[in-house]
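The values are calculated or read from the model by the stated rules, or taken from the named source; none is laboratory data. As the structure is a computational prediction, the values presented were derived from the model and not from experiment. All Cβ positions, even for glycine, are placed from backbone atoms using ideal geometry, and neighbour counts span all protein chains on display.
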Amino acid sequence: MTEEPCQCSDCQRFYKEHDRLIREFPTFKQQQELNWASIQSFRTLCNNVTNELQRLISERCSNEDINLEEKHISDIDITEALDQLESVNAYLYSIETLMERILDTKISNNIESKFKEIADELAPDPLNIDRLILNRLFHQTPDSQDKKNIN
């Protein structure tokens, strides 16, 4: 029995993004670069938010006058977030170390073309006319899951 993919909105959004990333970055080298950039942008954002939260806590400790705009974040929220972000940054650093090993891997152009071929099979363009026709036919099939009548 084959397990159907989850149909919840979060999973559907994930499947859509997954397929888009395969379509838009169908080679080994592009996937390496994409993942490296993703990790680096995540680390940059986490580090900057961490620095800002540390600055806020430091200012609050040294100054009783808290700006009204910064008052909406409690000290407890900040310290909890700092603890969590410290862990996230450590994990991201570990992932970065592993990614460096992946970035050292080089493959030939023949294999890159195989990546493109498989990418087209894994995540065909949803706006491709053949895919649209196939989807339309599938949704008109009386025995498809969404067309079954409940008696």
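Here are the numbers:
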{"read-out": "Helices (runs of 4 or more DSSP H) completely within the range 1-110 that count 2 or more residues being touching a Cys at 6+ places or on another chain (Cβ under 6 Å) and modelled with pLDDT of 90 or more", "value": "75-103"}
{"read-out": "D83 free of Cβ contacts under 8 Å to residues at least 12 places away in the same chain and more than 17 Å from the chain's Cα centre (by Cα)", "value": "yes"}
{"read-out": "Hits in the range 1-36 (condition: of a type in the set (A, V, I, L, M) and under 23 Å from D120 (Cα atoms))", "value": "L21, I22, L34"}
